[in-house]
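This report refers to the structure that appears directly beneath it.
The values are calculated or read from the model by the stated rules, or taken from the named source; none is laboratory data. Keep in mind it's a predicted model, so treat the numbers as computed, not measured. Cβ coordinates were reconstructed from backbone atoms using ideal geometry, including for glycine residues, and neighbour counts include every protein chain displayed. Note: accessible area is taken over every heavy atom of the protein model, side chains too, but ligands, DNA and RNA are not part of it. Shrake-Rupley method; radii C 1.70, N 1.55, O 1.52, S 1.80 Å.
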Amino acid sequence: MTTPPLTGPPSVPPGGGVPPAPQAVARPRNRRTMVAVVVSVLVLVGGAVTAWWLTRDEDGSSLADRPRVTDDAAGISYAIPEGWQRNKKGDLVDAFTSSITMKSTGGEEGGSVVLAGRAGSVPKSQLKEQTEDAARSNAEYFYPDGRSSIEESRATTVSDRPAYTVALKVSDGEGGTGHLRLTLMTARDGGSSYLLGIAQPTGPQEQQEVDAVLESASLS
């Protein structure tokens, strides 16, 4: 399958909400290389972050002592686990405002990635539906030959603002599995921000690190 590159972010559903999976590059035919491709395409299309820098985490999460990315374009910040790296301002596809990555060290193709973005206004009553739909959309995009199932779907808060998080277990259609988590947060200005995390192949450490990054999020 081929997908033409975008010159801007993906469209937002009528009335706002979370953008569908970014159509930045063609989806790889080999699902085992899914996240490796996601990581590599971050350097293919220019993007910009309004401002982001390293600070220290002040929350009580498992990453409380780690540096953070502060993403003014998305209006959020999040922690950087040990062994991960932040991507440079010019290394982002247009759909995202910042990202961090960790390449697999287990001798298999793959890796982990967390990407931040900005979306339209989502009423609190629609957070569950919008987040689940967006998570499935991304799973279908990155794993078109596979299937996904919801492992977790719950309301939460980020910086005392309404938020929702969904975790999917995804089969790649070739005997492998991936872990995808999406957290949608109600921004202070009435819009919304989100973090999308993917681990492939998914093991306990990879999954826990992706989840911990999303759980470390705070709104600015």
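For the reader, a short list of remarks on this structure follows.
- Qualifying residue in the stretch 80-97 (condition: polar (S, T, N, Q), touching a Ser or Thr at 6+ places or on another chain (Cβ under 9 Å), closer than 21 Å to THR177 by Cβ and modelled with pLDDT of 90 or more): no
- Residue-level check: of (1) over 18 Å from LEU195 (Cβ atoms); (2) modelled with pLDDT under 55, THR105 misses just (2).
- Count of residues meeting criterion [exposed (fewer than 14 other Cβ atoms within 10 Å of the Cβ) and either among the charged types (D, E, K, R) or part of a strand (DSSP E or B) (or both)] in the stretch 115-128: 1
- Counted residues, the stretch 161-176 - those being surrounded by fewer than 17 Cβ atoms within 10 Å (Cβ to Cβ) and part of a strand (DSSP E or B): 1
- The lone exception for PRO144 - which of (1) over 22 Å from VAL69 (Cα atoms); (2) touching a residue at least 40 places away in the same chain (Cβ under 8 Å); (3) open to solvent by less than 20 Å² (accessible area, probe 1.4 Å) it fails: (3)
- Of all the criteria given as (1) part of a strand (DSSP E or B); (2) open to solvent by less than 20 Å² (accessible area, probe 1.4 Å), the one not satisfied by THR131 is (1).
- Qualifying residues in the stretch 130-157 (those that are aliphatic (A, V, I, L, M) and in contact with a helix residue (DSSP H, G or I) (Cβ under 9 Å, 6 or more places away or on another chain)) - the one farthest from TYR194 (Cα to Cα): ILE150
- Test: residue in the stretch 183-204 that is free of Cβ contacts under 8 Å to residues at least 12 places away in the same chain, under 17 Å from PRO81 (Cβ atoms) and either part of a helix (DSSP H, G or I) or within 15 Å of the chain's Cα centre (by Cα) (or both): yes
- Of all residues in the stretch 134-160, those that are over 24 Å from PRO201 (Cβ atoms) and assigned to a strand (DSSP E or B) total 5.
- From the list VAL158, VAL170, the lone residue that is aliphatic (A, V, I, L, M) and within 19 Å of GLY117 (Cβ to Cβ) is VAL158.
- When residues in the stretch 210-220 are screened for being open to solvent by less than 40 Å² (accessible area, probe 1.4 Å) and in a helix (DSSP H, G or I), 5 of them pass.
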